[in-house]
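Structure record follows, encoded as structure tokens.
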Amino acid sequence: MNVLGNPAFSQLLDSAPTLGRERRQNLDWDVYGEALNDAGFSLTDVRTLSWARFSEVGVGALTEGTSLIAVFNNGIFESLGKRRLMSRSPKYRAIDFEQVAGYGDVDHVVEHHRIFKYCIEFQGAGSILLGRLEWHVQGKRFGDNRQEIMATARERDRVLSVINEISGN
């Protein structure tokens, strides 16, 4: 699948901001397209893109790096366009909206460390965490970081508004 050959996808990619600690990554676009195909997502259904973190573990763990998050009409897709070490299949994670029993915005703030995490959490049946999208900013020790912190929260809110529109909320 030629991902960058799709004008709508390319336009969304160009407009996806990098905020806080989230930075653009180098992706192998051929593998990214293969992963999209394997996951069953169509480029015609992409609604927005954002550079963020995707996690399936406790929010305190800082184990995830920045990835390209894609919101589709039928779910969330995350990949860096890399392959699995042993199987060589495309590496990706996804959330199917049909499995989502609930979702919402969650803020995790540790002020004495100046760490601000703005998240969207997705729960399945039995309140099982299906995944979390996270935008992370770490304030500088001496300085006014409010504009960067608010811009990071606004990016989370922008993505959440797209998901709300899809779900009819």
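Exactly one of these conditions fails for Val137: (1) at positive phi; (2) touching a helix residue (DSSP H, G or I) at 6+ places or on another chain (Cβ under 6 Å). Give me its number.
Of the numbered conditions (1) at positive phi; (2) touching a helix residue (DSSP H, G or I) at 6+ places or on another chain (Cβ under 6 Å), the odd one out for Val137 is (1).
Condition first: among the β-branched types (Val, Ile, Thr) and under 18 Å from the mean Cα position of the chain (by Cα). Now tell me which residues in the range 102-142 satisfy that. Spell out the reasoning first.
Step one: filter the range 102-142 for residues among the β-branched types (Val, Ile, Thr), giving 106, 109-110, 115, 120, 128, 137.
Within the range 102-142, Val106, Ile120, Val137 meet the criteria.
This table checks each residue for (1) out of contact with any strand residue (DSSP E or B) (no Cβ under 8 Å at 6 or more places or on another chain); (2) closer than 16 Å to Val106 by Cβ.
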| residue | (1), (2) |
| --- | --- |
| Arg132 | no, yes |
| His136 | no, yes |
| Lys140 | yes, no |
| Glu148 | no, no |
| Ala151 | yes, no |
| Val159 | no, yes |
| Asn164 | yes, yes |
| Gly168 | yes, no |
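How many residues does the range 4-51 hold that are on the phi > 0 side of the Ramachandran plot and in contact with a helix residue (DSSP H, G or I) (Cβ under 8 Å, 6 or more places away or on another chain)?
First, the residues of the range 4-51 that are on the phi > 0 side of the Ramachandran plot: 20, 40.
From the residues that got through so far, the ones that are in contact with a helix residue (DSSP H, G or I) (Cβ under 8 Å, 6 or more places away or on another chain) too are 20.
Counting residues in the range 4-51 that are on the phi > 0 side of the Ramachandran plot and in contact with a helix residue (DSSP H, G or I) (Cβ under 8 Å, 6 or more places away or on another chain) gives 1.
Name the pairs whose Cβ atoms lie under 6 Å apart, with the first residue in the range 82-107 and farther than 18 Å from Ser161 by Cα and free of Cβ contacts under 8 Å to residues at least 40 places away in the same chain, the second among the charged types (D, E, K, R) and part of a strand (DSSP E or B), and 6 or more positions between them or separate chains?
Arg84/Lys91; Arg93/Glu78
Within the range 9-49, which residues are of a type in the set (A, V, I, L, M, F, W, C) and part of a strand (DSSP E or B)?
To start, the set of residues in the range 9-49 that are of a type in the set (A, V, I, L, M, F, W, C) comprises 9, 12-13, 16, 19, 27, 29, 31, 35-36, 39, 41, 43, 46, 49.
Hits for the range 9-49 are Val46, Leu49.
Of the conditions (1) under 29 Å from Phe9 (Cβ atoms); (2) surrounded by fewer than 14 Cβ atoms within 10 Å (Cβ to Cβ), Val106 fails just one. Which one is it?
(2)
When the residues of the range 1-17 are narrowed to those that are surrounded by 14 or more Cβ atoms within 10 Å (Cβ to Cβ) and not hydrophobic (A, V, I, L, M, F, W, C), which ends up nearest to Gly131 (Cα to Cα)?
Pro17
Residue by residue through the range 69-91, note down the ones that are part of a strand (DSSP E or B), surrounded by fewer than 22 Cβ atoms within 10 Å (Cβ to Cβ) and of a type in the set (A, V, I, L, M).
Scanning the range 69-91 gives a single hit, Leu80.
Inspect the range 50-65 for any residue being modelled with pLDDT of 90 or more, out of contact with any Lys or Arg (no Cβ under 8 Å at 6 or more places or on another chain), under 20 Å from Glu121 (Cα atoms) and in a loop (DSSP other than H, G, I, E, B) and give the result as yes or no.
Scanning the range 50-65, I find no residue that is modelled with pLDDT of 90 or more, out of contact with any Lys or Arg (no Cβ under 8 Å at 6 or more places or on another chain), under 20 Å from Glu121 (Cα atoms) and in a loop (DSSP other than H, G, I, E, B), so the answer is no.
The values are calculated or read from the model by the stated rules, or taken from the named source; none is laboratory data. Predicted, not measured: the structure shown is a model, and the values here were computed from it. Methodologically, a virtual Cβ is constructed for each residue, glycine included, from the backbone with ideal geometry; neighbour enumeration extends over all protein chains shown.
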